[in-house]
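The structure appears right after this line, and notes come after that.
The values are calculated or read from the model by the stated rules, or taken from the named source; none is laboratory data. Source: prediction; values computed, not measured. Cβ sites come from the backbone with ideal geometry, for glycine too, and all protein chains shown count toward neighbours.
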Amino acid sequence: MSVDAATRTDATRADRRRDVARVYDRIARGYDLVEAPMDLLGGKRRRERVIGRAAGNTLEVGIGTGRNVGLYATGVALTGIDISERMLRRGRMRARQQSRRVRLALADVERLPFPNATFDSVTATCVFCSVPDPVAGLREVARVCKPGGTVLLLEHVRPRNRLLGKVSDRLSPLTRRLFGPEINRRTEDNVVAAGLAVRDVRRRGIWREITAQP
Ligand SMILES: C[S@@+](CC[C@H](N)C(=O)[O-])C[C@H]1O[C@@H](n2cnc3c(N)ncnc32)[C@H](O)[C@@H]1O
């Protein structure tokens, strides 16, 4: 690739990251309210199952408004990162309300500011639908997770049904612009493409609870 092309690609990625951060900054205030019905429809149980398995020194990427903070076991030492300043501000408030010590930082999952093999667990819920380059982000997750550590993901993916899959392909640019997430991501494939070893996947409709290891 020429230097010009590489620079252009970097610029495009930076633009896309800025767009994502802007969308989440815009919706941060109403985010918890909009998501509350999803929790009632089984979302909370899914989060509990995934987050409850984190142990030790743990990183949550795309921690957002901190909806998972209260679900971690008490022994977990939690660090959270997010690309949206306003989502993170709400996350900080929630951690304080719940008297949980959480180290929070504004950071991009595609360039994590941590040394290799730092964390025992890395978690994410509903994040890799909006990360501009999910495979790059998952590679970073693999890098900062210790060998023998665990990557725990809860993600919605492209529907397997052919018609619904095509509908989600059509609607995805719109959902990305309005609310942040793409609804046609193939996250199971992306996890493998990032070099993670998949240990377990629980599949329910469009939902995937993925356990993987570097
Ligand atoms: C749908 S929200 C989910 C928030 C939280 N994980 C939850 O389950 O409620 C997606 C979050 O991922 C964050 N995000 C998107 N792209 C990111 C990136 N490249 N690096 C870090 N965070 C990112 C967004 O800012 C947002 O807070």
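Tell me the residue from LEU112, LEU88 that is surrounded by 13 or more Cβ atoms within 10 Å (Cβ to Cβ), more than 22 Å from GLY30 (Cβ to Cβ) and under 16 Å from the mean Cα position of the chain (by Cα), please. Only one candidate passes the filter, namely LEU112. Only one of the listed residues (GLY137, GLY180, GLY149) is in contact (Cβ under 8 Å) with a residue 12 or more places away in the chain, on the phi > 0 side of the Ramachandran plot and not aliphatic (A, V, I, L, M). That residue is GLY180. Residues in the stretch 179-214 that are within 22 Å of VAL34 (Cβ to Cβ), out of contact with any Leu (no Cβ under 9 Å at 6 or more places or on another chain) and in a helix (DSSP H, G or I): PHE179 only. Just one of the numbered conditions (1) of a type outside the set (Asp, Glu); (2) surrounded by 15 or more Cβ atoms within 10 Å (Cβ to Cβ); (3) farther than 20 Å from ARG46 by Cβ; (4) at pLDDT 95 or above is not true of ARG208: (3). Among the numbered conditions (1) in contact with a Leu (Cβ under 8 Å, 6 or more places away or on another chain); (2) surrounded by fewer than 22 Cβ atoms within 10 Å (Cβ to Cβ); (3) of a type in the set (Gly, Ala, Ser), the only one that SER121 does not meet is (2).
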